[in-house]
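Contents: one structure, followed by commentary.
Laboratory data are not the source of any read-out in this text; all were calculated from the coordinates shown. Being a predicted model, the structure only gives us computed values, none of them experimental.
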């Protein structure tokens, strides 16, 4: 359970597959989880989850740092939400498990 203003969780992900478009694969994963892609550049994706009983939704930021490496961050959308009850870590782990 994270604590902060807002609460967040970050993990690094390294793909073991060569010659794939990592951000495109992540975008497909976000969509398959029923989340939304807000914006995308050549090295970054911003997405969001919907409101749930545990939170007012989360913002996802995926930044490609290398050809097969990226950082995935999930943070609470509501800036004053300081406890996430494990929701941000769960979001990151769901996305990684799909990849």
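General observations
- Relative to the longest principal axis of the Cα atoms of the chain, helix 22-32 runs at roughly 50 degrees.
- Computed [θ] at 222 nm, deg cm²/dmol, the chain (DSSP H ≥ 4; -39,500 (n - 2.57); rounded to nearest 500): -7000 deg cm²/dmol
- Rounded if a/c under 1.5, otherwise prolate or oblate - the chain, Cα gyration tensor axes: prolate
- Between the C-alpha center of the stretch 57-94 and that of the stretch 20-44 there is a gap of 13 Å.
- Between helix 87-98 and the chain: long-axis angle, C-alpha atoms, 0 to 90°, nearest 10: 20
- Sequence-distant contacts, meaning Cα pairs under 8 Å at least 6 residues apart, place the relative contact order of the chain at 39 percent.
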